[in-house]
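Here's the structure we're looking at; comments come further down.
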C-alpha cells in the first residue's frame, strides 16, 4: 500500500474509534432529553385537557340547571352562561394551539386536535339549540334537550379523559415520582367529574322535584366519587418528598369536603329524595358543589406543577450530559482532523502534485501548477526540477494553441452566421461556408471546401460570372431584389452582396458572398397586395356602410356602401369629419342623457354613446337614424367593434351599418296583414259561430240526431279555427312587443279560484274532476298578492288547465294548487293524472308549434302555441314557468311569480260588495253616492248636488262605498280614482262584478285621468262622463240628470255600423227584442243617420270600407244632447288611443252571444231600466 494512503487510514481509524464512543454517549443522553421533552409536551396537553374538562363540566351543570328551571331565564343568568362559554372556548383554543404546534406537539396531537375540532362543532350546534330553548317558556322547551345536553357534555368530558389517558400512555413514564403523580391526577379527574355530575343532577332534582327518579344514578355517582377521592388521599399520603405540596392541597380539599360540602350534600340529597322543589337550595348547592370541585381541581394543579418541575429537572440533566458528550466528540474530531490535515498538506499533497506534474509533462502538457519550489527538503528539490522542465516547452505550446483558437473562432463565425455566407478564393473555390448557405441552396451536409462554385451551380449565367470577375478585381456589388433561375427551372428571389477579401500581404485572396433567399417574403408581399385589393373590392361592393374611426372619433375609412347610403364622398369625410356629421342630433342627445344616467356622470365626448359598450369589450348592436346629405332619414342597424392591437390597446372603432328601411316597411306590411287577417277571418267566423249556436239551441226547432251531429262537428271545428287564429295573433303581438299588460295588485288564490270556476264546465264535459288543492283550501290557504295583468294571467291558467284536461283520462282529477317558495316567490301549479311528457320531447315543450308526435297527442288537437304563449305571458310579467312529468303517471306545470312588495302581506283581491238586502229609498228621491276621500271636495259636491235637488251620501273610502252600495240603492254615483284604501279602478271593477250594481251610472271625478281612462278602456260600460278636477259644475249636473232621469219608457235606439251583411243580420236577430236597430253598411251611411237621428247606444266595427268606424263617435248624440255609449264589436285589435273613446270592446270570434247581448242590455238598462220588464229576450245559447 502506498504511503500516502496508509498514513491517513491510521489517523482516521484512531479518530473514528474515539468519535464512536462519544456518539454512543450522545445518543443515550439525547434519548433521555427527548423522552423528557415529549413527556413535558404531553403533560402540557394533559393539563389543558384537565382545564377543558373542568370548564365543560361547569358549563354542563349551569346550562342543565337553567333548563330545569320553570321560571324565566334572566339576562344575568344568560350572561353568566355566556361567560362560562367564553372560558371553555378559550381553554379549547389554547389546547388546539398547543396540539397544532408542530415543534412542541405531543405524540398523537394531530389526531386529538381533529377530534376536539369535531367536538367543537357538536358543542356549537348544541349551544345554538340550547339558546333557542332558553328563550322559550319552560313548558314549551324540547323535553329531551336537557338530557341530551347533559349526555353530550358528559361524553365530551369522557372523551377528554380518554385523551388524557392516551397522552399518558404514549409518553413513557421516566421517573417513579412522575408515575405516582400521574395516577393521583387520574383519580382526581374522576373525582372532579363525578362531583360535577352530582352538582348538576342534585340541582336539577331540587328544581324539578324528580329526586326519587334519580336515586340510583346519584348513588352510583356518589360511590364513584368516594372511591376516586379515597385513592387520591392514599397516593398523597405516600412518604415521597415530591408529594409535600400535593399533601397540603389534598388536606385542604379534604377538610372543605368533609366539613362543608358533605353535610350540605346530605341535606340536599335528603330533600331531593323527598321530591322537594327548592330553587334557593338548588342555587346554594350549585355554588357549594362548585367550591368543592375547585378544591379537587387544586389538588390536580398542585400535582401537575410538581410533575412539570421534575420533568424539567430531568430534561436539564440530560441536556448537560448531552453538551458534555458533544464537546468531547467535537474535540476528538478536531484533533484527528488537525493531524490528518498536517500530514496531508506537508507531505501527501506535495507528493501527489509532483507526481501529477511529471505525468502531465510526460504527455506534453506544460500548463500545470507547480508545488512550492522554495521548500528546503526533498519535496522542494523535486518541484524545482519539474519547473525547469515545464519552462522549456511552455512557449511553443502557447503559440500553437493561439493559432488553433483563431482558426476555430473564424470557422464558427462563418458556419453559425444567420445569413448565407460563402468565402471563395480567386479560382472560385470554396474556402468557408455557413450552414445557412447549405440550407438555402439545398446542398445538405456536403463538404464544399475546395470545390468550385461553378461546378456546384452550372446554371450560373454570364451575368453572374462577370459580377464575380469584377469583384475579384476589387469592386463591390449588391442588389436588394434579384431573380435567380435554378437548374430545375424554378425561380428564387434573392438579396445579395459580394465583396473582395485580402490576405495578410494585402493581396485579393478571393470574394465573400452574402445572400438571402427572399422568395417566401416576396410571395407573402404579393399575396398581401392581392388580399388587400380583394378586401377593398369586397368592402367597396358591400351595401353596408362600413366606417372606421380613430379613438377620438375622426373618420379614417369610408367605403363605397357608405358613400351610396349617405351621399358623402370618402375624400370629404376621411380625416375631416366624425360620425356626428350624419347622425340625428336629437337622437344623440337622448342617448347621451341615457348614458349619463347610467354612468352617473356625463361622457367626455358625445361620441361615447356609439362606442361605450365596444370599449368595454361588450357586443353593441343598436338601431340609429342616419341623415343623408340630401336630408333623407335612413334607419340603420349599427354594429360597433373596438379595433385593438397586440397589447389590447384600442386603435380605433369599426362600425357596420345595415339599412333596415326595408325591414321597417316589412314590419308595417306585416302589421297591416295581421290587421286584415284579424278582420277578414274573425268577421265570417263570428257569423258562423253565432248561426251554429242558434241552430244548436233549437231556436228553429229540434234537429234530427244526424243533423245535430253534423252541426256539432261544424261548431267544434269553428272553435278550433278561432283558437288557432287567436293564438297566431297573440304570438304576433308578443313577437312585435305590442301585447299590453295592465299590471295591478291581485290575490293569486282568488285568481286561481276564478280559473277553477271558469274551466269547471270544460272538465265536467271531459268527465274529469277539477279541484282546488293545497294553498287554496282551509286551513293551509295562503294569502299572496302579485302584480299582474289578471286577464292575461287568467289566459295562462286556462291554457294549463285546458292541456291538463285534454291529456287526462276520464275519471281522473286535475288539481290546482298554490304555495309559497323559500325565496319568497309564490307558485301556482296545475297537476294532472294524464299520459305525461316524454323525456325526449321535454326540451321542446315551450317552443312554438311544438307537439308530441304520438297519435294520442295529435288526436287531441291544438295548435302547439298554447304553452309558448303562456310562457311569454308569464315571463313578460316577471315570472317563470316550468314543469315536472313522469310518463304514464302525470304532469305538473307550475308558474312562479314574485310577490308584490308594496302590497300588504295578506292583501286580497278587489273586494266584492255584499248582496243588496233591501231598498230603502223613499219614492221620488234621487240619491247620489259621492265616493271622495278629500273632505273639502266631498262637502263641495254635497252642497252642489243638494242645491240641484239630489240627496247626496258621502263615502270617504272604497270600503265605506261598498258597504253603502250593499245596503242602499242609488240612482248614480261619483267616483274619485285616487282613494286611500283601494285604487278607484279596482273599486269600479268590483262594482261591475256584481249583478246588483253592474248597471249603476258612474261619473268619474279625478285629478288625473288619461292613464286610468286607458286602463278602463273597453270595460267602462256605465260611465256616464269623465270629469277632471277642478269640477265643471254644469257638466256634472247634466251627467247626473241624464243618469237619474233615464228610463222614459221609450224604446232605445241603437246604431249598428258594420260592413258585413251576415254580422248585421246576426245582431238584428239577437238584439231586436231590446232596441230599435238602425244598420249602416258604410261610414258615410252612419254619418247620415247620426245627423238625422239621436241614438242611445252605438255598436261599431272599426274596419269599414271607407274609413275608421270610430270616426262616427263625435257625431253621435243622445236625446238629451250628450255623448252616446259605444261598444266596439270588431275583428281587429283596437289601440289604447282609440279605446279611450268607447265604453266597451268586444272582439269578433272571441265574444259569445251571451256577452254581446249582456253588454248591450246593460247599456240599455242604464238608459231605460223599465224596458227590461217589458221586452222579452230571445234565447241565446251558443258563441259568436
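Kindly give Rg over Rh for the stretch 773-851, based on alpha-carbon atoms, with the Kirkwood expression for the hydrodynamic radius.
When Rh is taken as the Kirkwood radius, the ratio is 1.00.
Could you calculate, for the stretch 601-667, the ratio of the Cα radius of gyration to the Kirkwood radius, expressed as Rg to Rh?
Working: Rg = 14.3 Å, Rh = 13.5 Å.
A ratio of 1.06.
Using the count of nearby Cβ atoms within 10 Å as a rough guide to exposure, how do 23, 801 rank from fewest to most?
Numbers: 23 16, 801 24.
Going from sparsest to densest Cβ surroundings: 23, 801.
Using alpha-carbon pairs under 8 Å, 6+ residues apart, how would you state the relative contact order of the stretch 301-383 in percent?
Working: 25 pairs, mean separation 14.6, N = 83.
Computed value for the stretch 301-383: 18 percent relative contact order.
Taking the Cα atoms of the stretch 276-349, report the difference between the largest and smallest coordinate on each principal axis, in whole Å and largest first.
For the stretch 276-349, the Cα spread along each principal axis is 102, 18, 11 Å.
What's the percent breakdown of Cα-Cα distances in the stretch 195-305 across 10 Å bins, shortest bin first?
Pair shares across the bins are 15, 43, 27, 13, 3.
Once the convex hull of the C-alpha atoms of the stretch 564-618 is built, how many Å³ does it hold per residue, rounded to a whole number?
Working: hull volume 5.9 nm³, N = 55.
Cα convex hull per residue, to the nearest whole number: 108 Å³.
From zero up to wherever the largest Cα-Cα distance of the stretch 416-524 sits, split into 5 Å bins and tell me the percent of pairs in each.
With 5 Å bins starting at 0, P(r) equals 2, 12, 20, 28, 22, 11, 4, 1, 0, 0.
When the convex hull of the Cα atoms of the stretch 23-326 is projected onto a plane and the area is averaged over all directions, what value comes out in nm²?
Numbers: hull surface 65.1 nm².
Across all orientations, the stretch 23-326 yields a mean hull projection of 16.3 nm².
Using Cβ contacts closer than 10 Å as the measure, can you line up 189, 464 from fewest to most? Could you put the intermediate results ahead of the total?
Details: 189 25, 464 17.
Listed from fewest to most nearby Cβ atoms, that is 464, 189.
Normalized C-alpha radius of gyration of the stretch 775-818, against 2.2 N^0.38 Å? It would help to have the intermediate numbers written out before the result.
On the way: Rg = 13.0 Å, N = 44, 2.2 N^0.38 = 9.3 Å.
Scaled against compact globular proteins, the figure is 1.41.
How big is Rg to Rh over the stretch 83-234, alpha-carbon atoms, Rh as the Kirkwood inverse-mean-distance radius?
Working: Rg = 18.2 Å, Rh = 17.9 Å.
The Rg/Rh ratio comes out at 1.02.
Where Rh is the Kirkwood radius over the Cα pairs of the stretch 542-659, the temperature 10 °C and the viscosity 1.306 mPa s, what D in µm²/s does Stokes-Einstein return?
Details: Rh = 14.5 Å.
My calculation gives 110 µm²/s for D.
Listing 807, 558 from the residue with the fewest other Cβ atoms within 10 Å to the one with the most, what is the order? Intermediate values should be presented prior to the final figure.
Numbers: 807 20, 558 23.
Fewest-to-most ranking of 807, 558: 807, 558.
If I model the stretch 740-897 as equal point scatterers sitting on the Cα atoms and use the Debye formula, what is log10 I(q)/I(0) at q = 0.14 Å⁻¹?
-0.67
Computed from the coordinates by the stated procedures, all read-outs in this text should not be read as laboratory data. Everything numeric here is computed off the predicted structure, so don't read it as measured data. In this analysis, Cβ positions are derived from the backbone assuming ideal geometry, glycine residues included, and neighbour counts consider all displayed protein chains.
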